[in-house]
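FYI, it's all coordinate maths here, none of it is from the lab. Keep in mind that what you see is a predicted model, and the values were worked out from it rather than measured. Neighbour counts are summed over all protein chains in view; Cβ atoms, including those assigned to glycine, are modelled from backbone coordinates with ideal geometry.
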2 protein chains.
Amino acid sequence: MTGRAAVSGPENYDPADYPAFAVTVDLVVLTVREHDLQVLVIRRGEAPFAGRSALPGGFVWPGEDLAEAARRELAEETGMQVVPGHLEQLASYGAPDRDPRMRVVSVAHLVFAADLPSPVAGSDAAAADWRPVSELLAHPRWLAFDHSRILADGLERARSKLEYTTLATSFCPPEFTVAQLREVYEAVWGERLDPRNFHRKVTGATGFVEPTGSTSSRAGGRPAELFRPGAASGLYPALLRPGS
Amino acid sequence: MTGRAAVSGPENYDPADYPAFAVTVDLVVLTVREHDLQVLVIRRGEAPFAGRSALPGGFVWPGEDLAEAARRELAEETGMQVVPGHLEQLASYGAPDRDPRMRVVSVAHLVFAADLPSPVAGSDAAAADWRPVSELLAHPRWLAFDHSRILADGLERARSKLEYTTLATSFCPPEFTVAQLREVYEAVWGERLDPRNFHRKVTGATGFVEPTGSTSSRAGGRPAELFRPGAASGLYPALLRPGS
DNA sequence: GCAAAAGTGTTCTTCGTACACCCATGG
DNA sequence: CCATGGGTGTACGAAGAACACTTTTGC
């Protein structure tokens, strides 16, 4: 387990001499529900951290790529289908004592999910469930391991990605109004945005949203136009956070 | 080695049942020399990829954090001291076949280094040496493993970090002129910038650079004022790339 | 008509860009 | 003096912020 400690890299070593790590993937699955940013957590049944919440995740298998493992775990633990929006690698966490049982390096991934009707069903995990991000970050001990840190990093990544990419549409259903899109920005950034200026910026940015022609009816108020996600992935001009 | 494949995450498993991975750190060490962005590579002595260049790196030890391992490998393989500028995690690479010998997950790190007088000395590796990034990216097979991909990701990260952070000063000596700082931007972005507008933006951004009071003398031309890195880490207003 | 939400126009300011121009040194 | 690079002033346009105003529905 300790290794001969060859110091010059991958050369001159015997594989068996080197420390074995477990490699896992953890998932920060974000969605916007009820004007609030929420994250998918599961309830841990066993020690360590029994009874606490944790991010979904699990071990990477021998033949799998990291992203593949993340997609598999997402499906297994939450019943969510592949590509429920967008999945990207977030960062890796490998502090020696982050798991008391063994040396684990976890590759965290970030998923932007639309608010599906029944997002957590037919799940393999005991209980998968949406929780407000703000609530979990206010109580860092509610999450097992270093998952609070991972969540914080995922949130910060999400916040900055909304500024210069079109990923906010991943949080929306296939067709959406400008107000729904604004709700995404307001929930992720935790700030109120001017509806009038927001509307102009969104419709003015090239390839961000594309009108469908139809409108959405609602109680009280003029019906809103419906949009589809546009072709662009980068956002120009960018939508910068107010408190910059 | 294959595992019982418990599907519900870190619960109900026996550690010995799970696939063992080797975990390494790889380093993308960038600097600007001779008006050109360069990266530190070592020459591999042994198979696989014997004779080819590779990014410096090596195995993570049992008691080490990931960033710690990166700093140690940097010192061992290149003789560079800790914190030669700035070190941050880049991304992890874990394709099943990325190393023909064993299953390896590599956590890549990115270092911004100043152009030191003798950056590679007393090195443990056979030969560590600066190479132009553009040259290596134009010939992806010159680098071992998936290091070309890692380098490309590191370059893109560096490019965007210059836009909205003050990290460019990490490429400069402790005291520098605006022209030297501009050389960093031009080398990393591969674009010419207007010296006059650049000067105003740099000196106008809050906390980016701080005048020392002294000047630098040079052959032909008015002496330039010398600056130190300022206190800010974020850059406001941002310095955006021309071709946006 | 009235409330409510969607969407447009207008003004002010900030920032990017282009480029004319002046400043301070070495030769 | 003149070549060379450092640094400032100015003018125009694009984009952000604030907010008055018009539009289109339900009741």
For residues that are assigned to a helix (DSSP H, G or I) and either among the polar types (S, T, N, Q) or surrounded by fewer than 17 Cβ atoms within 10 Å (Cβ to Cβ) (or both), scanning just segment A:187-198, find the one that is nearest to DNA strand C (Cβ to nearest atom). A:Arg196
Suppose we keep only residues that are acidic (Asp, Glu) and under 19 Å from B:Arg98 (Cα atoms) within segment A:34-68. Which one would you say is nearest to the chain's Cα centre (by Cα)? A:Glu68
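Residues are listed down the side, and each one gets a yes or a no for (1) within 15 Å of DNA strand D (Cβ to nearest atom); (2) of a type in the set (Asp, Glu); (3) within 14 Å of chain B (Cβ to nearest Cβ):
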{"site": "A:Phe171", "(1), (2), (3)": "no, no, no"}
{"site": "A:Arg192", "(1), (2), (3)": "yes, no, no"}
{"site": "A:Asn197", "(1), (2), (3)": "yes, no, no"}
{"site": "A:Ser214", "(1), (2), (3)": "yes, no, no"}
{"site": "A:Pro223", "(1), (2), (3)": "yes, no, no"}
{"site": "A:Tyr236", "(1), (2), (3)": "yes, no, yes"}
Taking the stated definitions as given, is A:Ala205 within 14 Å of chain B (Cβ to nearest Cβ), surrounded by 12 or more Cβ atoms within 10 Å (Cβ to Cβ), near DNA strand D (Cβ under 10 Å from one of its atoms) and closer than 28 Å to B:Gly243 by Cα? yes
Considering only segment B:39-97, state which residues are more than 9 Å from every other protein chain (Cβ to nearest Cβ) and in contact with a Ser or Thr (Cβ under 7 Å, 6 or more places away or on another chain). B:Leu40, B:Val41, B:Arg43, B:Thr78, B:Gly79, B:Gly85, B:His86
Among B:Thr215, B:Thr206, which is the only one that is touching a residue at least 24 places away in the same chain (Cβ under 8 Å) and hydroxyl-bearing (Ser, Thr, Tyr)? B:Thr206
Please note which strands (runs of 3 or more DSSP E) are completely contained in segment B:22-89 and include at least 2 residues that are among the hydrophobic types (A, V, I, L, M, F, W, C). B:22-33, B:36-43
